[in-house]
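*Asks:* Quick one: the structure is below, questions incoming.
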There are 2 protein chains.
Amino acid sequence: MALRRSAEAGETRSSILDVSERLVQTRGFNGFSYADVAAELGITKAALHYHFPGKSELGNALIVRYADRFNDALVGIDAQGGTAPAKLRAYADLYQGVLRDERMCLCGMLAAEYQTLPVPMRQSVVRFFDDNHTWLARLLKAGRSEGTLHFSGTAHEAAQMIVGALEGAMLVARSYGDADRFEVVATRLVDELAASRPVTRRRA
Amino acid sequence: MALRRSAEAGETRSSILDVSERLVQTRGFNGFSYADVAAELGITKAALHYHFPGKSELGNALIVRYADRFNDALVGIDAQGGTAPAKLRAYADLYQGVLRDERMCLCGMLAAEYQTLPVPMRQSVVRFFDDNHTWLARLLKAGRSEGTLHFSGTAHEAAQMIVGALEGAMLVARSYGDADRFEVVATRLVDELAASRPVTRRRA
DNA sequence: GTCTATAACGAGATAGAC
DNA sequence: GTCTATCTCGTTATAGAC
């Protein structure tokens with residue numbers, strides 16, 4: 001499809017990852033093929049197999065790169081300072097950016113297909129969620145300490161809820177082709193946590 | 001695989017739906033085949049095509065049956081009375097029951113694969129979510145009126161958040177093979193809404 | 001209603017030339 | 001690094017016998 005300029009320094013490799021990533025995020029790991037990627041890049045399937053021996057290796061490389069990029073974004077949020085609620089909003093905006101591209105979170109998509117994934121990919125997906133939970137729990141603890149975030153139960157539980165709520169909101173919003181649906185939920189979620197209110201209840 | 005007794009009154013048809021439903025909920029619509037279903041039922045693929053001409057028809061029948069069953073459950077919750085928070089908890093328990101079976105919500109799974117689905121299936125998926133939002137919004141409004149549920153914004157927005165949060169919690173919990181993760185989130189969600197607290201904030 | 005048989009296609013993957 | 005050519009298998013689907 002697209003014209004082919006001569007490949008330089010891992011350019012093909014990253015192009016393959018770019019196209020595959022978009023296809024997985026929109027169609028799922030079981031919903032795209034080497035042929036799709038090859039056609040779009042104007043190369044052959046055999047060339048793909050040179051860079052990634054099998055779909056399993058390609059899939060795992062996708063998750064690792066995605067998780068790295070996501071972690072970089074989290075570091076960036078921490079680096080630029082701001083209040084805990086602002087950081088939480090920035091976190092939600094990461095998801096929103098994905099959805100505005102008409103994509104599902106890569107790992108949210110793979111979570112749906114989890115039982116059909118090669119084992120290495122499964123581990124990478126779980127690691128992605130673990131990293132998110134850890135980062136969020138730290139943010140939530142800090143926010144609670146400084147009195148800017150309020151929630152019941154442990155920070156880790158709240159973190160799990162946030163990740164789940166954002167992933168689920170993306171999942172459903174995509175069926176409506178309506179990113180605004182996500183925005184409403186994300187705003188509610190952040191505002192609920194940032195709202196000043198008494199937290200006077202039991203834990204689960 | 002399973003032994004075959006002679007088919008009576010639509011029994012084969014419903015067996016096909018049962019097996020297919022489980023396969024879609026665990027592996028996805030693009031992750032199962034007629035061969036899988038046929039093997040498990042001990043019949044041939046050709047027999048499947050007699051009952052459901054194509055995968056599209058089978059898929060749509062799955063959603064319709066699932067949505068009907070879900071709606072029956074909602075009617076059941078309404079029928080047995082109880083407080084709005086109790087009904088909300090019962091709603092969350094519907095999801096939990098699915099997850100304890102190591103399944104994803106059928107329509108949550110299909111939402112992930114949305115862009116690869118035949119158009120009739122897409123419409124049925126959206127209808128499922130619409131029905132859920134409608135039912136929940138009605139419950140939320142009633143709860144707010146009687147002072148047992150508290151939330152900011154419109155009931156419909158809150159309903160969208162609840163559906164998304166439950167779907168997302170299922171999605172992630174399944175990757176951990178840990179239904180308890182869902183339980184924690186569901187309990188938090190219900191408790192947050194049932195908690196008596198001032199609602200003194202702006203809408204999104 | 002269910003079977004056998006087979007068509008038609010696409011998937012993931014490999015060998016070996018350039 | 002990329003190609004052509006090919007292989008093997010799985011998938012959806014149909015024709016026609018029983």
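*Asks:* With respect to B:Val37, is the statement that it is in contact with a Ser or Thr (Cβ under 7 Å, 6 or more places away or on another chain), without any contact (Cβ under 8 Å) to a residue 24 or more places away in the chain and farther than 21 Å from B:Ala137 by Cα true?
*Replies:* So B:Val37 fits the description; yes.
*Asks:* Then there's this: Which of the residues that make up the range A:68-96 are closer than 21 Å to B:Gly108 by Cα and not hydrophobic (A, V, I, L, M, F, W, C)?
*Replies:* A:Tyr95, A:Gln96
*Asks:* Taking the range A:182-204, which residues are within 7 Å of another protein chain (Cβ to nearest Cβ) and at pLDDT below 65?
*Replies:* A:Arg197, A:Pro198, A:Arg201, A:Ala204
*Asks:* While we're looking at this one, here's another question. Select from the range B:1-23 the residues that are of a type in the set (S, T, N, Q) and surrounded by fewer than 18 Cβ atoms within 10 Å (Cβ to Cβ) and write down the one among them that is modelled with the lowest pLDDT.
*Replies:* Among residues in the range B:1-23 that are of a type in the set (S, T, N, Q) and surrounded by fewer than 18 Cβ atoms within 10 Å (Cβ to Cβ), the one modelled with the lowest pLDDT is B:Ser6.
*Asks:* Any residue at all in the range B:136-144 that's facing chain A (nearest Cβ under 7 Å) and among the small types (Gly, Ala, Ser)?
*Replies:* no
*Asks:* Also, I was wondering about something else. With the structure loaded, tell me whether B:Glu113 is closer than 28 Å to A:Leu110 by Cβ and within 16 Å of DNA strand C (Cβ to nearest atom) or whether it fails that test.
*Replies:* yes
*Asks:* In the range B:157-181, which residue that is farther than 29 Å from A:Pro118 by Cβ and of a type in the set (Val, Ile, Thr) is nearest to the other protein chains (Cβ to nearest Cβ)?
*Replies:* Filtering first and then ranking leaves B:Val163.
*Asks:* Can you name the residue in the range B:36-56 that is within 9 Å of DNA strand D (Cβ to nearest atom) and of a type in the set (D, E, K, R) and, of all such residues, is surrounded by the most Cβ atoms within 10 Å (Cβ to Cβ)?
*Replies:* B:Lys55
*Asks:* Given the residues A:Thr148, A:Thr83, A:Thr116, which is the only one that is over 30 Å from B:Phe29 (Cβ atoms), crowded, with 17+ Cβ neighbours inside 10 Å, β-branched (Val, Ile, Thr) and touching a residue at least 60 places away in the same chain (Cβ under 8 Å)?
*Replies:* Being over 30 Å from B:Phe29 (Cβ atoms), crowded, with 17+ Cβ neighbours inside 10 Å, β-branched (Val, Ile, Thr) and touching a residue at least 60 places away in the same chain (Cβ under 8 Å) holds for just one of A:Thr148, A:Thr83, A:Thr116, which is A:Thr148.
*Asks:* Select the helices (runs of 4 or more DSSP H) contained entirely in the range B:44-127, then report the ones holding at least 1 residues which are within 15 Å of the chain's Cα centre (by Cα) and away from every other protein chain (no Cβ under 14 Å).
*Replies:* B:55-79, B:84-100
*Asks:* Does the range A:20-36 hold any residues that are under 21 Å from the mean Cα position of the chain (by Cα) and within 13 Å of DNA strand C (Cβ to nearest atom), and which are they?
*Replies:* A:Ser20, A:Leu23, A:Val24, A:Arg27, A:Gly28, A:Phe29, A:Asn30, A:Gly31, A:Phe32
*Asks:* Could we say that A:Ala155 is crowded, with 18+ Cβ neighbours inside 10 Å and under 23 Å from A:Phe32 (Cα atoms) here?
*Replies:* no
*Asks:* Also: Counting only residues that are over 15 Å from B:Asp18 (Cα atoms) and β-branched (Val, Ile, Thr), which one in the range B:57-81 is farthest from DNA strand D (Cβ to nearest atom)?
*Replies:* By that ranking, first place goes to B:Ile77.
*Asks:* Further question: Just the residues that are buried (at least 19 other Cβ atoms within 10 Å of the Cβ) and among the hydrophobic types (A, V, I, L, M, F, W, C), please, taken from the range A:24-35.
*Replies:* Those that are buried (at least 19 other Cβ atoms within 10 Å of the Cβ) and among the hydrophobic types (A, V, I, L, M, F, W, C): A:Val24, A:Phe29, A:Phe32.
The values are calculated or read from the model by the stated rules, or taken from the named source; none is laboratory data. Keep in mind that what you see is a predicted model, and the values were worked out from it rather than measured. Note that we place each Cβ from the backbone using ideal geometry, even for glycine, and neighbour counts take in every protein chain shown.
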